[in-house]
1. Compute the distance in nm between two label points, each set 7 Å from the Cα along the Cα-to-Cβ direction, one at residue 168 and one at residue 99.
2. Using a 10 Å cut-off around each Cβ, can you sort 84, 134, 75, 169 from fewest to most neighbouring Cβ atoms?
3. Using only Cα atoms, tell me the angle between helix 33-42 and the longest principal axis of the chain; keep it within 0 to 90° and round to the nearest 10.
4. Over all directions, how big on average is the projection of the convex hull of the alpha-carbon atoms in the stretch 1-132, in square nanometres?
5. What shape does the stretch 1-69 take by its C-alpha gyration tensor, where a ≥ b ≥ c are the square roots of the eigenvalues and a/c under 1.5 counts as rounded, a/b above b/c as prolate, and the rest as oblate?
6. Mind checking the full-extension length gain between residue 117 and residue 84? Use 0.36 nm per residue of separation minus the Cα-Cα distance, one decimal, nm.
7. How compact is the chain by the rule of thumb for globular proteins, expressed as Cα Rg over 2.2 N^0.38 Å?
8. Scaled to the compact-protein estimate 2.2 N^0.38 Å, what is the alpha-carbon radius of gyration of the stretch 61-154, rounded to two decimal places?
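A short reminder: the numbers here are calculations on the coordinates, not readings from a lab. All values derive from a computational prediction rather than experimental measurement. Cβ placement follows ideal geometry from the backbone for every residue including glycine, while neighbour counts extend to all protein chains displayed.
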Ligand code: CA
């Protein structure tokens with residue numbers, strides 16, 4: 001799960017980045033409204049934690065732009081302001097929840113989980129399936145042909161990405177940004193190693209082979225067009 005934090009106060013931003021990172025999220029932190037606006041509009045985030053008072057583009061405008069562009073990414077407003085009008089305005093503009101600073105981190109986390117669950121129920125299936133490979137998103141379990149496959153957290157995230165975008169060639173740079181909190185570095189073969197490990201678990205001993213390498217482009221997961229020679 002990938003979150004965007006838009007927060008101009010360094011201490012709060014760092015606190016959020018670290019806390020949410022430790023809670024298992026991949027986190028991008030925009031330190032001003034302009035970057036936040038750009039990332040929210042162009043990135044593929046599961047949720048945005050949005051400070052209202054920003055020096056350049058404020059939170060109201062960011063959420064309005066998002067909704068006007070038809071993006072339904074859940075937005076949790078964070079604000080030091082605590083008037084009824086502010087809350088109403090935030091919710092009217094399309095924010096999904098509103099938390100007043102200072103807040104307890106546990107409360108923030110609980111609300112994030114609620115919003116993510118709500119979004120998932122509305123928009124996404126509870127499990128993904130390609131051939132006999134099944135990923136149970138609720139129970140965080142993978143199986144093939146009914147046999148349980150033990151995956152690490154990163155392997156699960158990688159497989160989830162490949163299955164959600166079944167049949168689509170995913171460049172390494174996209175995989176890096178979605179599964180690892182890093183930008184693509186051509187010297188690293190982290191992705192290739194991770195794919196190799198995942199393949200060994202998901203495809204070795206099974207037919208057809210689902211994880212495919214598209215030379216010079218990336219990886220995709222699908223049932224192959226031609227029968228598997230093995
Ligand atoms: Ca602020």
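1. Each label point lies 7 Å from its Cα, and together they span 2.8 nm.
2. The order, fewest Cβ neighbours first, is 84, 169, 134, 75.
3. Roughly 30 degrees between the two axes.
4. Mean projected area of the Cα convex hull: 8.6 nm².
5. Verdict is oblate for the stretch 1-69.
6. Gain on extension, residue 117 to residue 84, equals 9.3 nm.
7. 1.13
8. 1.46
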